[in-house]
Amino acid sequence: MVGNIVLIHGLWVSYTSWQPWIEFFADNGYRAVAPRWPGEADTAAATRENADAQAGFGINDVTGHFAAVIEQFDAPPIAIGHSFGGLVAQKLLGQNKVAAAVAIDPAPIKGVKPLPLAQLRSAFPVLGNPLNRVRAKALTRKQFRYGFGNTLTERESDSLWEQWSIPSPGKPLFEAASANFFPNSPAKVDVANSTRGPLLITAGTADHTVPFVTARAAFKQYARSSAVTDFHTFDGAGHSLTIDARWHEVADVALTWLIDNGFPGKARE
């Protein structure tokens, strides 16, 4: 049996950025897929040219979209998500739709209270204009450098921006920002579920978009669950850790954790 993995990207980065991960997991006996978000085109360039196609989709829309993908598998797959993809992965795990989840520097779920200045600054290009709730917006090179590539050289950050940056819907950011004011917020996750599969949450200590304290606060939300919940720190990593030169290190941590928790690929069974 080959382990199935669904890779879920976050805002502002194309699904095509997961290709090295797909190949990495294939080499280790897994079958990984990286579905697009609703409205996302087949290339980053095409998505940039038609930003409006993604406008208006919120957290529940994206979660439902990936839940439909998951239903196509014979057995619940593993979800690995980055940023808002990490939030979606947690929602799917809490709903028992996936067997395990890795949330890499995940967007804040309901109940997370820390709101560092760096996080506010990273989100301001969208949250600064209420009209962006119904729009899709891209980051400029400078905004991407601050939110994603702050640990990289300007040249490295710009290269990632040129290759993989895309416009993304603003609605998920507004929903996450207001989550603690609404009992049934789309950012709500069943953190008390003890029948779910194992969860790994990671944090980069230099991340501006999802600062370390934010990711750590998400981990603490699971204190009432007896299910496996682990936390891993990537020292000095920023939000670009899944696409920059450190991606292999991050993938290795996810792979080792999956094996340790009983999810080996075919080659290691």
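The values are calculated or read from the model by the stated rules, or taken from the named source; none is laboratory data. Keep in mind that this is a model prediction, so the values were computed, not measured. Neighbour counts are summed over all protein chains in view; Cβ atoms, including those assigned to glycine, are modelled from backbone coordinates with ideal geometry. Quick note on the areas: whole protein, heavy atoms, side chains included, nothing else; ligands and nucleic acids left out. Shrake-Rupley method; radii C 1.70, N 1.55, O 1.52, S 1.80 Å.
Quick notes on this one:
- All Cα pairs of the stretch 72-191, percent lying beyond 18 Å: 59 percent
- Working from Cα pairs under 8 Å separated by at least six residues, relative contact order for the stretch 14-79 is 26 percent.
- Take every pair of alpha-carbon atoms less than 8 Å apart whose residues are at least six positions apart; their mean separation over the length of the chain yields a relative contact order of 24 percent.
- With every protein chain in place, the stretch 38-154: carbon and sulfur % of accessible area (1.4 Å): 54 percent
- Per-residue extension of 0.36 nm, minus the Cα-Cα distance of Val213 and Arg36, leaves a gain of 60.8 nm for this segment.
- The convex hull built on the alpha-carbon positions of the stretch 1-154 has an orientation-averaged projected area of 10.1 nm².
- Residues within the reach of a label modelled at Asp52 (point 7 angstrom out along Cα to beta-carbon, backbone nitrogen below 18 Å), restricted to the stretch 113-141, are 131-138.
- The C-alpha atoms of the chain occupy a region whose extents along the principal axes are 48, 39, 35 Å, arranged from largest to smallest.
- Computed from Cα atoms alone, the Kirkwood hydrodynamic radius reported for the stretch 33-83 is 12.3 Å.
- Principal axis box of the stretch 119-269, alpha-carbon based, largest edge first, Å: 45, 40, 26
- The separation of the stretch 210-242 from the stretch 8-68, counted between C-alpha centres, amounts to 22 Å.
- Rounded, prolate or oblate (a/c below 1.5 giving rounded, otherwise prolate when a/b exceeds b/c) for the stretch 199-269 by Cα gyration tensor: oblate
- Net charge of neighbours whose Cβ lies under 14 Å from the Cβ of Pro38, counting Lys and Arg as +1 and Asp and Glu as -1: -2
- The residues packed around Pro172, meaning those with a beta-carbon under 11 Å from its beta-carbon, carry a net charge of 0 if Lys and Arg are +1 and Asp and Glu are -1.
- Entry comment: accessible area of the chain is 42 Å² per residue, from protein heavy atoms only and a probe of 1.4 Å.
- Computed on the stretch 61-113, the Cα convex hull volume stands at 68 Å³ per residue.
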